[in-house]
1. Rounded, prolate or oblate: which fits the range 66-117, taking a ≥ b ≥ c as square roots of the Cα gyration tensor eigenvalues, rounded meaning a/c under 1.5, else prolate when a/b beats b/c?
2. Compute the long axis of helix 169-186 from its Cα atoms, compare it with the longest principal axis of the Cα atoms of the chain, and write down the angle in degrees, 0 to 90, nearest 10.
3. Round to the nearest 10 and give me the degree value, 0 to 90, for the angle of helix 110-124's Cα axis relative to the longest principal axis of the chain.
4. On full extension of the chain, what length is gained from residue 205 through residue 52, given 0.36 nm per residue of separation minus the C-alpha to C-alpha distance?
5. Binning at 10 Å from 0, report for the range 33-107 what percent of all alpha-carbon pair distances ends up in each bin.
6. Can you pull the one-decimal nm distance between simple spin-label points at residue 1 and residue 127, each 7 Å off the Cα toward Cβ?
7. What's the FRET efficiency of residue 109 with residue 232 using the Cβ-Cβ distance as r and R₀ = 45 Å, to the nearest 0.05?
8. Between residue 63 and residue 185, with labels modelled 7 Å along Cα→Cβ, what's the label distance in nm to one decimal, could you check?
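Taken together, the values in this text are just the output of simple stated rules run on the coordinates, not laboratory data. Everything numeric in this text was worked out from a predicted model, so none of it was measured. Positions of Cβ are generated from backbone atoms using ideal geometry, with glycine treated the same way; all protein chains shown enter the neighbour counts.
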Amino acid sequence: MRQLEADNISVAFAGLKALSEARLSVTPGHVTGLIGPNGAGKTTLVNVLTGFQAPTEGAVKLDGESLVGLAPHQVRRRGVARTFQGGRLFRELPVIDNLEVTGVGLGLSRAAAVAEAQAMLDWVGIAPLADRIAGTLPYTDERRVAIGRALMGRPGYILLDEPAAGMSAPEAAELAALIRRIATELNCGVLLIEHNVGLVLETCDHIVVLDSGAVIEDGPPEQIRASETVRHAYMGTAADSTLPVLEVMQ
Ligand SMILES: Nc1ncnc2c1ncn2[C@@H]1O[C@H](COP(=O)(O)OP(=O)(O)O)[C@@H](O)[C@H]1O
Ligand SMILES: [Mg+2]
């Protein structure tokens, strides 16, 4: 079965257990959500899945084959792409060059990289921004450029670390629609880290909840919505609350 899998991942930072036997899988054509309070270990898990952080224990598997020990650029070449909290674009370069450089880094010729960059900007819906300097864009556009760049080379998987942070509700809804299209139109497996639980419940096929480095719930949105365990993790109490309250707590 095709999947990107975190198999019992533990990570310790000088005594602090950032992840404890965490498991999740991402499958082509589906959006998996990863939620949990600040410091739960979400970014650390993405770092492990993409080769930026070595696990203390456990394995990352792509279609059953271990990725542990590969450098980030090697993981990327195998089709596992990511975005970062805070963008990390080449700020001084035009938007199109941000995508082109990535294409060349993936082994495309310059001409092929330019052609794919143009096609990708079009597909994401930001073709008019091609010649703008990346560092001058509003962050909503910057996030879409980062996603376009991550889609260069048509990765099988894309991991998005809080792409909607700071967005208004309409901006986040537009982004959610783009994320669904990545799964359905490109048959890409998407992992979505997001603080807005409502957005995750609406966008994801499957949701994994991390708390203090451990997976405390894993299932379809209805299961997460109904989970007392998740409520406890977010609110620190068994309060009789509805989900909208849970969102406000974010
Ligand atoms: N490089 C690091 N060195 C030491 N501690 C780290 C490092 N990266 C993350 N941590 C710690 O690991 C825990 C999980 O962090 P993180 O994965 O960033 O959480 P999240 O993305 O869910 O907010 C936090 O306690 C954080 O302070
Ligand atoms: Mg994080």
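1. Taking the square roots of the gyration eigenvalues as a ≥ b ≥ c, the range 66-117 is oblate.
2. In the chain, helix 169-186 runs at an angle near 70 degrees to the longest axis.
3. 50
4. 52.4 nm
5. The calculated distribution, bin by bin, is 16, 42, 31, 10, 0.
6. 3.9
7. Between residue 109 and residue 232 the formula returns 0.25.
8. 2.5
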